[in-house]
Amino acid sequence: MGIAITAKSTANFSDVLSKLFIYDVGTIFIVDENNHLAGVTSRKDMLKLSRNADGQKSSNSTSDDTCTECNIHI
């Protein structure tokens, strides 16, 4: 069994996306400042945010976005 990969809820979009690929995982657990689970996001969720239906870059995918603005499931 592997270890859980986490990201802080204050992490930006590109940092979370990078972790997904660096650690070769499909899911990242998002934790708050007290390391309590705040949500879960996946490669698919991040891809949806980065592209709209036309395949154009979405306005939601700027490097200033934080995980709280990403598509996080609680």
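The values are calculated or read from the model by the stated rules, or taken from the named source; none is laboratory data. Just so you know, these numbers come straight off a predicted model, no measurement behind them. Cβ atoms come from the backbone with ideal geometry, glycine included; neighbour counts cover every protein chain shown.
List pairs: first residue in the stretch 1-13 and within 7 Å of V31 (Cα to Cα), second residue surrounded by fewer than 14 Cβ atoms within 10 Å (Cβ to Cβ) and aliphatic (A, V, I, L, M) anywhere in the structure, Cβ distance under 9 angstrom, at least six positions apart or on different chains.
Close Cβ pairs satisfying both conditions: T6/L37.
Which residues, counting only those in the stretch 7-26, are assigned to a strand (DSSP E or B) and at pLDDT below 95?
If the condition is that a residue be assigned to a strand (DSSP E or B) and at pLDDT below 95, then N12 is the only one that fits.
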